[in-house]
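Data first, discussion second: the structure below is written as structure tokens.
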Amino acid sequence: MKASGALKKLFEDPAIRRKIQSKLPYLFSLAEAESSKGGRAGMEVGALREQILIALLIYVFGEKNVNVDIPPTEPEVDVKVCGIPLSIKTFKGKFPVIKIRWASDWEKVEDFFQNYRPTCNLLLAQIRWGEEGGLFLIPQEVQAEVFERLGKDQYLHLPRRGTNARGAGISSTALRELLAHKDTLRIPIKWKRYSIERLAPYKRWLDYWRED
């Protein structure tokens, strides 16, 4: 079943598209404010963005159709929508490397490289503050087509041997083709950055301590 079959509503319903275009820049601005350290967004901002997008899926498809209880045997899957596995990634800029598998040593990185094949649909949020980016759904079939055309040496990006491995990712060349593919679903978003006062990370817990 193609991803567009189940997730078509998210990308083609006019009211939902408008809501995404208007709310996502504010919510991602809020995520950056909440994770800010020394004036820069912390590493946890990625997890907050993912939570925002999963909340969007729950809003559109209902809790019973969005499964977030994914077993470790499916490491690339973040959520299943109507039974369809989905990986969620957010990134800044035009065409950076998109990390798809984290690994602590070279043996695991090379094993991933040798055995990789696209296994699920990709929901990508391209953040470009002050410019236009978007929200994209890249079906597994599109990934497989681009992977076969480029070959894994061009489709995947590996860190240099001898450096901290940290895992492998989709190359900027592959990302450019995936985003431009005719079967990729897209919602253009003008990324207005909102000025939001940073909330102290302990405030929500402090409120609980203050309760009787």
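The values are calculated or read from the model by the stated rules, or taken from the named source; none is laboratory data. The model shown is predicted, which means the values in this text are computed figures rather than measured ones. Cβ: placed from backbone, ideal geometry, glycine included. Neighbour counts: every protein chain shown.
Mind checking whether some residue in region 58-65 is acidic (Asp, Glu) and in contact with a helix residue (DSSP H, G or I) (Cβ under 7 Å, 6 or more places away or on another chain)? So far as region 58-65 goes, no, none of its residues is acidic (Asp, Glu) and in contact with a helix residue (DSSP H, G or I) (Cβ under 7 Å, 6 or more places away or on another chain).
Of the conditions (1) closer than 22 Å to residue 147 by Cβ; (2) of a type in the set (A, V, I, L, M); (3) touching a residue at least 40 places away in the same chain (Cβ under 8 Å), residue 88 fails just one. Which one is it? Among (1) closer than 22 Å to residue 147 by Cβ; (2) of a type in the set (A, V, I, L, M); (3) touching a residue at least 40 places away in the same chain (Cβ under 8 Å), the lone unmet condition for residue 88 is (3). Looking across region 56-94, just one residue is surrounded by fewer than 19 Cβ atoms within 10 Å (Cβ to Cβ), small (Gly, Ala, Ser) and under 13 Å from residue 124 (Cα atoms), and that is 93. If you go through region 33-58 and keep only what is of a type in the set (Lys, Arg) and within 16 Å of the chain's Cα centre (by Cα), you end up with just 49. Scanning region 4-11 for residues that are crowded, with 17+ Cβ neighbours inside 10 Å, in contact (Cβ under 8 Å) with a residue 60 or more places away in the chain and touching an Asp or Glu at 6+ places or on another chain (Cβ under 9 Å) turns up at least one hit. Scanning region 78-107 for residues that are within 20 Å of residue 8 (Cβ to Cβ) and among the hydrophobic types (A, V, I, L, M, F, W, C) yields 79, 81, 82, 84, 86, 88.
Does any residue of region 92-112 turn out to be part of a loop (DSSP other than H, G, I, E, B), farther than 24 Å from residue 173 by Cβ and at pLDDT 90 or above? First the steps, then the outcome.
We begin by selecting, within region 92-112, every residue part of a loop (DSSP other than H, G, I, E, B); these are 93-97, 102-105.
Add one more test, that the residue is farther than 24 Å from residue 173 by Cβ, and what stays is 104-105.
Filter once more, keeping what is at pLDDT 90 or above: none.
Looking through region 92-112, none of the residues is part of a loop (DSSP other than H, G, I, E, B), farther than 24 Å from residue 173 by Cβ and at pLDDT 90 or above.
Just one of the numbered conditions (1) in a loop (DSSP other than H, G, I, E, B); (2) modelled with pLDDT under 90 is not true of residue 118: (2).
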